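Asks: There's a structure below that I have some questions on.
The values are calculated or read from the model by the stated rules, or taken from the named source; none is laboratory data. Computed from a predicted model, the values in this text were never measured in an experiment. Glycine also receives a Cβ, built like all others from the backbone with ideal geometry; neighbour counts cover every protein chain displayed. SASA here: full protein model, heavy atoms, side chains in, ligands and nucleic acids out. Shrake-Rupley method; radii C 1.70, N 1.55, O 1.52, S 1.80 Å.
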Amino acid sequence: MRDLTGFRKGIVRIRVQGEQTERFLNLCKARKIKISSLDRTGEQSLEGDFGIQDFLRLSPIRRKTGVKIHILEKHGLPFFFYRSKKRKAFFIGIFVCALLLLGLSGRIWEIDVSGNARNSTQEILDFLKEEGIVHGMQRSKISCNAIAATIRENYNDITWVSVRIEGTRLVLTVKEGVFTEAVEKEKNTPCNLTADQNGVIVRMITRAGYPKLHVGEECHIGDVLVSGCLELKNDSQEVVRYEGVHADADIYIKRKKAYYREIPLQYQSEEYDGRERKSYFFKTGNTYLEFGKSAEKNWQNTVEEQILRLTDSFRLPFTVGKITRKYYETVPREYTEKEVRALAWRTLQLYEEKLIEKGVQISANNVKIEVDHKTCISKGFLEIIEKIGRETPVEIPEQPAERTTEDGEQHY
Amino acid sequence: MKKEKERKNWRGNLVTSLEVPGDLAMKETIVTLTGRSHAIICNYKSILRYQQEEIIVLGFHGKIAIRGKRLMIPKYTPEEMQIEGMISEIVMG
């Protein structure tokens, strides 16, 4: 019976002594009194757990069987409350805590936005703030349908919105659509492809438009690479009509990219001496309470924050955290030539990796690392192959006049 | 004697034909034994004897004696009785 129900209702452990203990048990059974942890402790004595209500019904059985009943232990909430009846602050605490929980559970403490890629979460949260949906507002004042409708109205690229309240969380799930119409419209606009870098063209695949420059030729910034203006000619190679197309091509150029990095040999190193301090903080709204020594110079801080929750969906507006501070001293150091060369080489490799991530090919590396008594200088250039081409508006010349022969036939 | 036998047969036939569980209709005592340390007795009438070495329970059709060491009753309700301890013997009388 020492389970949750027993704890809630209260249980009594008693000793029953007498000659008719078996009869006592049978009478208990007849009166539907439940006993748990029944144990024979002596020739004429039994011990067992009874519920409070059942214990109060034992009197006639005791009279009939002539046994003696001794209370050994009392457990459960009713006894606890009886013992604690003089501790008023304790009960006030429980009451205040219950009130607080009740009050907090009626408010929104977390707004969760998912499914958004083009519109950032902060942007949507700011929009909601403008609409009056903020952290800490009452749940009853929130209309999920109204929020969904407002978001759909204001964000054209959001095609589907679901707003629901889970405990103290407001969950927004959005789906952003791709508007092919706009893209297609953009694709149909005539334009040129213009060079945005200087270099030599190494590869060119033209899908639409007229290529002005060819592989092996040099291009400069602003040069039209592929023209979006097509000249339609007749058999006598005369232009009869100009037609604008959206130029489309993959153009790769080879060019030199300058590289320069300077690393001073002397640097400041942060060295930890093992001293560590821990402090804890409590945060709610704009209130911040820190227990322990506050921040000082030469102490590196690492902060771990934890939002308090009753359940996954019941977030409380309290945050607790731990700050670990490690003491360090700034010591002047100097790289050796080997170290600084390795560092410079690593920096160059990182730079190359970043370029490769952007889709740039590196065909040659002409960077030299030189070390003098003060600095290490990496300078030179990288030969890279990259895709270029910026869409620029195309100017379509005036259509040539139609020529008509004397007999009235039209010739192009 | 013959009459009583006939009456028992008649009741048995009725229980079989109505597909009523036998233990309910015939008030049979059920003893469920789990390993050597745990037993549950259902449909019993009363306890005749309870000692650490022996528990004798009166069923509707006779006695059941459970013998062993350090026998105790973790749960005692009007419907069932759980017995724990080192059970060595169960005798139906």
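Asks: Buried accessible area for the A:B pair, summed, 1.4 Å probe, in Å² rounded to 100?
Replies: 1500
Asks: Taking only Cα atoms, what is the 0 to 90° angle, nearest 10, from helix A:144-154's long axis to the longest principal axis of chain A?
Replies: For helix A:144-154, the angle is close to 10 degrees.
Asks: Among DSSP beta bridges whose residues both lie in chain A, state the antiparallel percentage, nearest 5.
Replies: The answer is about 95 percent antiparallel.
Asks: Which FRET efficiency value, to the nearest 0.05, do you get for A:I92 and A:N154 by plugging their Cβ-Cβ distance into 1/(1 + (r/R0)^6) with R0 = 56 Å?
Replies: 0.70
Asks: Near the amide H of A:R309, under 5 Å away, which other amide H atoms are found, from residues 5 or more places off or on another chain, if H is placed in the peptide plane?
Replies: A:L316
Asks: May I ask you to give the solvent-accessible area per residue for the protein assembly as shown, in square angstrom, as obtained with a 1.4 angstrom probe?
Replies: For the protein assembly as shown, the per-residue accessible area is 65 Å².
Asks: Taking only the C-alpha atoms, wrap a convex hull around the range A:280-394 and report its volume per residue in Å³ as a whole number.
Replies: Spread over its residues, the Cα hull of the range A:280-394 gives 295 Å³ apiece.
Asks: Let me ask another. Tally up the carbon and sulfur contribution to the accessible surface of the range A:1-153 as a whole percent, 1.4 Å probe, everything protein left in place.
Replies: In the range A:1-153, the share of accessible area belonging to carbon and sulfur is 54 percent.
Asks: Anything losing 20 Å² or more of accessible area from the isolated chain to the full protein assembly: pick those residues out of the range A:29-47, probe 1.4 Å, ligands and DNA/RNA ignored.
Replies: A:K29, A:K32, A:K34, A:I35, A:S37, A:L38, A:D39, A:R40, A:E43
Asks: Under 13 Å between alpha carbons, and skipping anything fewer than 8 positions from A:K379 in its own chain: which aspartates and glutamates qualify?
Replies: Correct list for A:K379: A:E262, A:E370.
Asks: Relative to the first principal axis of the alpha-carbon coordinates of chain B, what is the inclination of helix B:2-18, with its axis defined by its Cα atoms, in degrees from 0 to 90 and to the nearest 10?
Replies: 80
Asks: When the chain is fully extended, how far beyond the present Cα-Cα distance does A:A364 get from A:Q300, taking 0.36 nm per residue of separation?
Replies: Residue separation times 0.36 nm, minus the Cα-Cα distance, leaves 18.8 nm.
Asks: For an R0 of 35 angstrom, estimate the FRET efficiency from the Cβ-Cβ distance between A:L308 and A:R118 and round to the nearest 0.05.
Replies: 0.60
Asks: Right, another one. Using a Förster distance of 45 Å, how high is the FRET efficiency between A:F79 and A:T287, based on the Cβ-Cβ distance and rounded to 0.05?
Replies: The formula returns an efficiency of 0.70 here.
Asks: Further, regarding this structure: How far apart, in nanometres, would the label points at A:W345 and A:I377 be if each is projected 7 angstrom from Cα along the Cα-to-Cβ direction?
Replies: So the label points at A:W345 and A:I377 sit 2.2 nm apart.
Asks: Next question, about the same structure. Using helices alone, I'd like the mean residue ellipticity at 222 nm for chain A: each DSSP H run of four-plus residues gives -39500 (n - 2.57), total over residue count, nearest 500.
Replies: Value at 222 nm, helices only, nearest 500: -7500 deg cm²/dmol.
Asks: Let me cross-check A:W345: its accessible surface, 1.4 Å probe, with only protein heavy atoms counted, in Å² to the nearest 10?
Replies: 120
Asks: May I pose another question? Amide H of A:G244 versus every other amide H placed in the peptide plane: which residues, excluding those fewer than 5 positions away on the same chain, fall under 5 Å?
Replies: Amide H neighbours of A:G244: A:L230.
Asks: Would you tell me the accessible area of A:V367, worked out with a 1.4 angstrom probe on the heavy atoms of the protein chains, in Å² to the nearest 10?
Replies: 30
Asks: Could you sort A:C144, A:C97 by their accessible area in this structure, using a 1.4 Å probe and putting the largest first?
Replies: A:C97, A:C144
Asks: Would you work out what percent of the accessible area of the range A:270-403, with all protein chains in place, is carbon or sulfur (probe 1.4 Å)?
Replies: Solvent-exposed carbon and sulfur of the range A:270-403 make up 49 percent of the total.
Asks: What is the magnitude of the charge dipole of the protein assembly as shown about its Cα centre, with +1 placed on the Cβ of each Lys and Arg, -1 on the Cβ of each Asp and Glu, and no other charges, expressed in debye to the nearest 20?
Replies: 6660
Asks: Which value, in Å² and to the nearest 10, is the accessible area of A:S37 when all protein chains are kept and the probe is 1.4 Å?
Replies: Rounded to the nearest 10, that gives 40 Å².
Asks: Tally up the carbon and sulfur contribution to the accessible surface of the range A:160-262 as a whole percent, 1.4 Å probe, everything protein left in place.
Replies: 48
Asks: Could you tell me which of the pairs A:K34/A:K68; A:K175/A:K358; A:K297/A:K374; A:K257/A:K354 are separated by over 21 angstrom between their Cα atoms in the structure shown?
Replies: Where the Cα-Cα span goes over 21 Å, the pairs concerned are A:K175/A:K358; A:K297/A:K374.
Asks: Right, next: Given charges of +1 on the Cβ of Lys and Arg and -1 on the Cβ of Asp and Glu, with all other atoms neutral, how large is the dipole of the range A:263-308 about its Cα centre, in debye to the nearest 20?
Replies: Dipole of the range A:263-308, to the nearest 20 debye: 180 debye.
Asks: With θ taken as phi - 60° and the coefficients 6.51, -1.76 and 1.60, list the Karplus ³J(HN,Hα) couplings across the range A:327-332 in order, rounded to whole Hz; mark glycine and proline as x.
Replies: Calculated HN-Hα couplings, in order: 7, 9, 10, 8, 10, x Hz.
Asks: On to the next question. If the cut-off is 14 Å between C-alpha atoms, which aspartates and glutamates fall inside it for A:K86, apart from same-chain ones fewer than 8 positions away?
Replies: none
Asks: Regarding chain A, what is the average projected area of its C-alpha convex hull, in nm²?
Replies: For the Cα atoms of chain A, the hull's average projected area reads 45.0 nm².
Asks: Let me ask something else about it. Counting only other chains, what is the mean number of Cβ atoms within 10 angstrom of the Cβ of each residue in peptide A:17-27?
Replies: Mean number of neighbouring Cβ atoms from other chains: 2.
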